[in-house]
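Working notes, beginning with the structure itself.
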Amino acid sequence: MKFSTGIFDELSMLIKKVSKERDVINLSIGSPDLPPHPKIIEVLAKEVQDFQNYGYTLNPGLEELREGLIAWYQKKYGVNLKIDETLVLLGSQEGLAHLPLSFLNPGDLVLVPNPGYPIYEAAAKLAGAKIYYYPLLEENNYRLDIEKIPYDILRTAKIIFLNYPNNPLTAMANYEFFEKLVFYAKKYGFILVNDLAYGELTFDETRSISLLEIPEAIDVAVEFYSVSKSFNLAGIRVGFAAGNQKVISALTILKSNIDYGVFKPLQKAALEAFKLREVIIPDLVKTYEKRRNVLIKTLSEYGWQVKPPLATMFVWAQLPDGIKDSRKFSLDLLTNAGVAVTPGIGFGDLGEGYVRIALVADEDKLAEAGKRIGEYLQYRRVV
Ligand SMILES: Cc1ncc(COP(=O)(O)O)c(C=O)c1O
């Protein structure tokens, strides 16, 4: 089978089954549980009433929304984009999925991270590309060590997928790291693609960096952003691509053969989200910080020491000594303790030995989840 959702399907089927018998705390998917800001819903409700909003919107998306994205990049990262360097997507996943198809030929080489969010591999497969899985190792702060990639791979690579802040590893990039990648991309002529879905979700006063902050990155890079996580709007399916004009144009042309753009009220709602950014983001970040702290503290009280993440809405937890098989651990934990977490192996073989816990429940529920996990570990005598 060319595409597989193997372990994720197995887990969701078991969640359904176990839910019939007991309450399950589902921390397995990164779908925000918090409501959107009421003003966003207000805009959506108003725009839906206007019959003029029911036509095709067409690619590359509403200019005012793309201007909203440009203003966001300017304010947050000091990056100045032109309007033709931006594109509205049906969620960032859609754009990531179609990107290689938009300018690669079958057999071209794409580099994807291991462990990594599964869409990069799927996107390469959709385009009939060859895949080189590059390792993300803790000893390198989970950053691609480009100097370790063989010359023949660098020479023939067309795209390198990056994801900082990273899901599932929660790692962040820094300036020197991105600067080096831009240097290599220019030298060897490949395109860097950074998935910035978690750009706003950084904790303890840290700040994410955009790949486009690097001088001349615009010659070799595109970035993907989304309102899903920053504004609790995952269901409205609005995302963005920004960066190199030729790449954006290729993706726009491909998309024009596939879709007719995002429903206008949804684009207006996304624009309202950008306008409310200063109101929404600080509170959201605090909420996730508190949730993270509760979970980490509870687990540590049971003897499981887990590193607190500096970004994203996930905890990437190395399994306690004596447990190696993340798939078996996740399925057993769900069956015996009613807590669903994602096995690290689902993100690639280098994810084995870890689980990803999504902070998508309130503090009380996370404390309860931590307690159930802790008691399960005690019962198994591994803590
Ligand atoms: C790293 C990463 N990229 C992209 C996405 C997809 O986001 P969107 O809702 O914008 O399609 C997700 C969703 O979980 C994600 O974790």
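When the range 162-199 is examined, which residues are found to be more than 21 Å from residue 28 (Cα to Cα), within 16 Å of the ligand (Cβ to nearest atom) and part of a loop (DSSP other than H, G, I, E, B)?
Matches in the range 162-199: 172, 173.
Checking residue 23 against (1) within 16 Å of the ligand (Cβ to nearest atom); (2) open to solvent by 60 Å² or more (accessible area, probe 1.4 Å); (3) assigned to a loop (DSSP other than H, G, I, E, B): exactly one of these is not met. Which one?
It fails just one condition, (1).
Taking the options 249, 256, 230, name whichever one is open to solvent by less than 10 Å² (accessible area, probe 1.4 Å) and in contact (Cβ under 8 Å) with a residue 40 or more places away in the chain.
After ruling out the rest, the residue left standing is 230.
So is residue 357 of a type in the set (A, V, I, L, M, F, W, C), in a helix (DSSP H, G or I) and in contact with a Ser or Thr (Cβ under 9 Å, 6 or more places away or on another chain) or not?
no
Name the residue, out of 275, 229, that is at pLDDT 95 or above, within 14 Å of the ligand (Cβ to nearest atom) and not hydrophobic (A, V, I, L, M, F, W, C).
From the options 275, 229, the qualifying one is 229.
For the range 26-49, give me each residue that is open to solvent by 60 Å² or more (accessible area, probe 1.4 Å) and charged (D, E, K, R).
Matches in the range 26-49: 33, 39, 42, 46.
Out of the residues in the range 200-226 meeting the condition of being of a type in the set (A, V, I, L, M, F, W, C) and without any contact (Cβ under 8 Å) to a residue 40 or more places away in the chain, tell me which one is nearest to the ligand (Cβ to nearest atom).
221
Scan the range 97-156 for residues that are touching a strand residue (DSSP E or B) at 6+ places or on another chain (Cβ under 9 Å), surrounded by fewer than 16 Cβ atoms within 10 Å (Cβ to Cβ) and at positive phi and jot them down.
If the condition is that a residue be touching a strand residue (DSSP E or B) at 6+ places or on another chain (Cβ under 9 Å), surrounded by fewer than 16 Cβ atoms within 10 Å (Cβ to Cβ) and at positive phi, then 107 is the only one that fits.
For the structure I just gave you, tell me whether residue 55 is outside the structural domain of residue 355 (by the TED database), farther than 30 Å from residue 372 by Cα and surrounded by 15 or more Cβ atoms within 10 Å (Cβ to Cβ).
no
Which one is farthest from residue 358 (Cα to Cα) among residues in the range 26-54 that are of a type in the set (D, E, K, R) and in a loop (DSSP other than H, G, I, E, B)?
Taking the range 26-54 as the starting set, the residues that turn out to be of a type in the set (D, E, K, R) are 33, 39, 42, 46-47, 50.
Next cut, in a loop (DSSP other than H, G, I, E, B) only: 33, 50.
Values: 33: 10, 50: 37 Å.
Residue satisfying both the conditions and the ranking: 50.
Applying the selection to the range 87-138, what residues are part of a loop (DSSP other than H, G, I, E, B) and more than 12 Å from the ligand (Cβ to nearest atom)?
104, 105, 106, 107, 108, 127, 128, 129, 136, 137
The values are calculated or read from the model by the stated rules, or taken from the named source; none is laboratory data. These figures come from a predicted structure and were not determined experimentally. Reconstructed Cβ throughout: ideal geometry from the backbone, glycine too, with neighbour counts over all protein chains shown. Areas reflect the complete protein model, heavy atoms only, side chains present, ligands, DNA and RNA absent. Shrake-Rupley method; radii C 1.70, N 1.55, O 1.52, S 1.80 Å.
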